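First comes the structure, then the notes that go with it.
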Amino acid sequence: MLIVAPNTVLNPAALETRRVPKKLFRRVAILPRRAGPAAWARILFDAQLLRYLGALAPFVAAMLIWPRLAFPIAQAPILMVLLVGVVEMKVLRLSASARKDVIDEDDAARALDTLRFRATRILSRIAARRGLSEGELHLVVEQSELARVVPLTLVSVQRAGPGAEVLALDTAEQEMLRAELFAEGLDERTLHRANLREDVFLRDVGFAAEGVSAHARLAALMDAAPAREVPA
């Protein structure tokens, strides 16, 4: 899971938006500030151009190994297009019928209900911490459409309204998302299977700040209060 916010990416200007939810995949280059080699490799794999080049690598290898075949191979663009199509549509994606088999309908519904419940709880706490009393926050969870690879999940908190924006998240809010959104009972792979079944890869959970409970606001105040020393 990558948390996408102006303070977690190297290109915050790319997150500017006029409406919510802002779609990220295929529209924004995600350049995380802190990501390991595995995360970067997964991000690069989602770039279509790089996947196309990878699918065509056998043709390039054949031309290097057998130079005399370079010209005939270069004259066979239909084969190249077919290979790219097979990799993209048959290897990396599922047919409509196959998508229904990745997860049971009830399990998919349960996963989406769990996501909505956890997202609402997290948004309530964020609104309380920020002292918001009006407006609407959205927790947007977007996953890659590719089926047979580790899912790539982008999570952002967005604010609707005239000044729509992708919110910058402090350390505590980021830790809250990492600890609570995907935990026991719902992980990224389960959500990905539910998304594959419905062929929907962007999940948007909205929360009106007016709905923050007094308990949540009190808890936020207690968390924000400086720690007091306990007498010896």
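Residues of segment 127-156 with backbone nitrogen within less than 15 Å of a virtual label 7 Å along the Cα-to-Cβ line of Ala38, please, listed as ranges.
So the set is 149-153.
Mind checking which aspartates and glutamates have their C-alpha under 14 Å from Lys90, skipping anything on the same chain fewer than 8 residues away?
Partners within reach: Glu145.
Once both labels are modelled 7 Å past Cα along the beta-carbon direction, what's the Arg27-Ala179 spacing in nm?
3.2 nm
Can you list the chymotrypsin sites (Phe, Trp or Tyr not before Pro) in segment 50-140 that are in a DSSP coil and have 10 or fewer other beta carbons within 10 angstrom? Before the final figure, lay out each step's value.
Numbers: sites: Tyr52, Phe59, Phe117; in loops: none.
Filter output for segment 50-140: empty list.
Among Leu50, Val205, Gln158, whose Cα lies farthest out toward the positive end of the dipole of the chain, if unit charges sit on the beta carbon of Lys, Arg (+1) and Asp, Glu (-1)?
Highest projection toward the positive end goes to Leu50.
Sort Arg193, Arg93 by accessible area with a 1.4 Å probe, largest first. Intermediate results must be reported in sequence, preceding the final value.
Numbers: Arg193 85, Arg93 40 Å².
From most exposed to least exposed: Arg193, Arg93.
May I ask you to derive the relative contact order of the chain, considering only C-alpha pairs under 8 Å and at least 6 residues apart, and to give it as an integer percent? Don't skip to the answer; put the middle values down first.
On the way: 290 pairs, mean separation 69.8, N = 232.
Relative contact order here is 30 percent.
Enumerate the amide H contacts of Leu169 below 5 Å, restricted to partners 5 or more residues apart or on another chain; note that Pro and chain-start residues carry no placed amide H.
For Leu169, whose amide H was placed from the backbone, the distant partners under 5 Å are Asn7.
Treat each spin label as a single point 7 Å out from the Cα along the C-beta direction, and report the Arg68 to Ala13 distance in nm.
A separation of 5.5 nm, rounded to one decimal place.
Under a Cβ-only charge scheme (Lys and Arg +1, Asp and Glu -1), can you give me the dipole magnitude of the chain about the Cα centre, in debye to the nearest 20?
660 debye
Testing the spin-label approximation: label points 7 Å from Cα along Cα→Cβ at Leu56 and Leu202. State their distance in nm.
For the pair Leu56/Leu202, the computed spacing is 2.9 nm.
Going by the alpha-carbon gyration tensor, a ≥ b ≥ c the square roots of its eigenvalues, is the chain rounded (a/c under 1.5) or, if a/c is not under 1.5, prolate (a/b greater than b/c) versus oblate?
Values: a/c = 2.63, a/b = 2.10, b/c = 1.25.
Note, shape of the chain comes out prolate.
Write out the GluC sites (Glu not before Pro) in segment 81-153 meeting two conditions: DSSP loop, and at most 10 other Cβ atoms within 10 Å of their Cβ.
Loop-located and lightly packed - Glu134.
The values are calculated or read from the model by the stated rules, or taken from the named source; none is laboratory data. What you are looking at is a predicted structure, and each value in this text was computed from that prediction instead of being measured. As a convention, Cβ positions derive from the backbone with ideal geometry for all residues, glycine included, and neighbour counts pool all protein chains shown. Remember, those area values only see protein heavy atoms, side chains included, never the ligands or the DNA or RNA. Shrake-Rupley method; radii C 1.70, N 1.55, O 1.52, S 1.80 Å.
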